[in-house]
1. Have a look at A:PRO40, A:TYR104, A:MET11 and report the one farthest towards the positive end of the charge dipole of the protein assembly as shown, computed about the Cα centre with Cβ charges (Lys/Arg +1, Asp/Glu -1).
2. What is the spin-label model distance, in nm, from B:ALA14 to A:GLN30 if the labels are put 7 Å beyond Cα along the C-beta direction?
3. Could you list, in their original order, any pairs among A:LYS16/A:LYS70; A:LYS110/B:LYS57; A:LYS73/B:LYS9; A:LYS16/A:LYS105; A:LYS3/B:LYS9; A:LYS16/B:LYS9 whose Cα atoms are separated by more than 26 Å?
4. Compute, for segment B:36-80, the length of the dipole vector about the Cα centre, with Cβ point charges of +1 (Lys, Arg) and -1 (Asp, Glu) only. Units Debye, rounded to 20.
5. To the nearest 20 debye, what charge dipole does chain A have about its Cα centre, counting +1 at the Cβ of each Lys and Arg and -1 at the Cβ of each Asp and Glu?
6. Mind checking the per residue accessible area of the protein assembly as shown for me, 1.4 Å probe, whole number of Å²?
7. Can you list the residues, at least 5 places off or on another chain, whose amide H is less than 5 Å from the amide H of A:LEU113, using H built in the peptide plane?
8. Largest first, what is the accessible-area ranking of B:HIS73, B:HIS10 with a 1.4 Å probe?
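The values are calculated or read from the model by the stated rules, or taken from the named source; none is laboratory data. In this text the structure is predicted, and so the values were computed from the model without any measurement. So basically every Cβ, Gly included, is an ideal-geometry build from the backbone, and we count neighbours across all protein chains shown. Protein only, heavy atoms only, side chains kept; ligands, DNA and RNA dropped before computing areas. Shrake-Rupley method; radii C 1.70, N 1.55, O 1.52, S 1.80 Å.
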Amino acid sequence: AQKITQTQPGMFVQEKEAVTLDCTYDTSDQSYGLFWYKQPSSGEMIFLIYQGSYDEQNATEGRYSLNFQKARKSANLVISASQLGDSAMYFCAMREANSGGSNYKLTFGKGTLLTVNP
Amino acid sequence: DSGVTQTPKHLITATGQRVTLRCSPRSGDLSVYWYQQSLDQGLQFLIQYYNGEERAKGNILERFSAQQFPDLHSELNLSSLELGDSALYFCASSPVVATYEQYFGPGTRLTVT
């Protein structure tokens, strides 16, 4: 079963506007973490933002914020004031708890390709 | 720069061959993860090592193996290569007590011809 679902294969946004990238997840764990990574055309994976399942406040990192709705199992990424350099593939990922205590593998969604238009 | 290094950046080889991908984690990080990114499978977790010991296995083929050495660098060995093994292979590392992010290396792009 797919654990991370990103339903938008591609998104377009005008420069300086805000954009929301959708992510829904599936887990039966109470303790888990949600991540967003950015992958520009150069290929590297850049960590953007993290939300823990017990965090009461939505995570924010500069122009990035995570709209965490636990009951709906969604963790949407909001990018404010889009810039041309934001054009990239964006991946949502989840880390689930592991009884061993040191296994933090990430499960990734298929990604959303964001294009920022001037 | 995440502090994770991977070599080589690009690798082109023929079917049936064997290659070794190398990863050096960030200073102090004990956990190393290997991921494969291909067009059809997306980003998939392969295997994790923690302080030299295998901790978790994902969708890693039997033709693939990995190890983590005492100096904490890790190698991913891919043998009997097939065309479908062409992918971007990432190594990531995380601290002793991983609170959240994993730091990804720049990746090794493997092309099997």
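1. Comparing the listed Cα positions along the dipole, A:MET11 ranks first.
2. 5.8 nm
3. Details: A:LYS16/A:LYS70 29 Å; A:LYS110/B:LYS57 20 Å; A:LYS73/B:LYS9 37 Å; A:LYS16/A:LYS105 35 Å; A:LYS3/B:LYS9 30 Å; A:LYS16/B:LYS9 34 Å.
Long pairs (Cα-Cα over 26 Å): A:LYS16/A:LYS70; A:LYS73/B:LYS9; A:LYS16/A:LYS105; A:LYS3/B:LYS9; A:LYS16/B:LYS9.
4. Details: 3 positive and 6 negative charges, 21 e Å.
Its charge dipole is roughly 100 debye.
5. On the way: 10 positive and 11 negative charges, 41 e Å.
About 200 debye.
6. Values: 11090 Å² over 231 residues.
So the protein assembly as shown comes to 48 Å² accessible per residue, rounded to a whole number.
7. A:GLY10, A:MET11, A:TYR90
8. On the way: B:HIS73 20, B:HIS10 130 Å².
I get B:HIS10, B:HIS73, largest accessible area first.
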